[in-house]
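Peer 1: Would you mind keeping the following structure in view while I ask a few things?
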Amino acid sequence: MTLSALLAHWRADPQVGPNLIEWRILPGKQASFEPFPPSIQAALREALEARGIRALYTHQAESLQRIREGKNIVVVTGTASGKTLCYN
């Protein structure tokens, strides 16, 4: 089943549909990046670069900054946006 078919099914389902409060399609947008901060260990930087990662997403860089300040973080972003790296 495609995602479009699944969403249409949920929307039409009498038990699910009425519980859908808002239905929006958000336009895509370009990713924003920050260079690796100097504080990242060389081994981590090398491992990321070996996987083709040349910079951090801005939310990853901000997460690292906040953690280094001793703050707690919660990251809410789309699928496959690098949240795991924020927590690791």
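The values are calculated or read from the model by the stated rules, or taken from the named source; none is laboratory data. For clarity, every value in this text was computed on a predicted model and none was experimentally measured. As a convention, Cβ positions derive from the backbone with ideal geometry for all residues, glycine included, and neighbour counts pool all protein chains shown. Heavy atoms of the whole protein, side chains included, go into the accessibility calculation; ligands, DNA and RNA do not. Shrake-Rupley method; radii C 1.70, N 1.55, O 1.52, S 1.80 Å.
Peer 1: Return the total of residues in the stretch 1-39 being under 21 Å from the mean Cα position of the chain (by Cα) and within 20 Å of T77 (Cβ to Cβ).
Peer 2: Going through the stretch 1-39 one residue at a time, the tally reaches 15.
Peer 1: How about the stretch 30-86: which of its residues are at pLDDT below 95, in contact with a helix residue (DSSP H, G or I) (Cβ under 6 Å, 6 or more places away or on another chain) and open to solvent by 70 Å² or more (accessible area, probe 1.4 Å)?
Peer 2: Result: no residue meets the conditions.
Peer 1: Only one of these is part of a helix (DSSP H, G or I), open to solvent by 90 Å² or more (accessible area, probe 1.4 Å) and not charged (D, E, K, R): W23, W10. Name it.
Peer 2: W10
Peer 1: Still on this model: Answer with yes or no whether A5 is assigned to a loop (DSSP other than H, G, I, E, B) and open to solvent by less than 60 Å² (accessible area, probe 1.4 Å).
Peer 2: The answer is no for A5.
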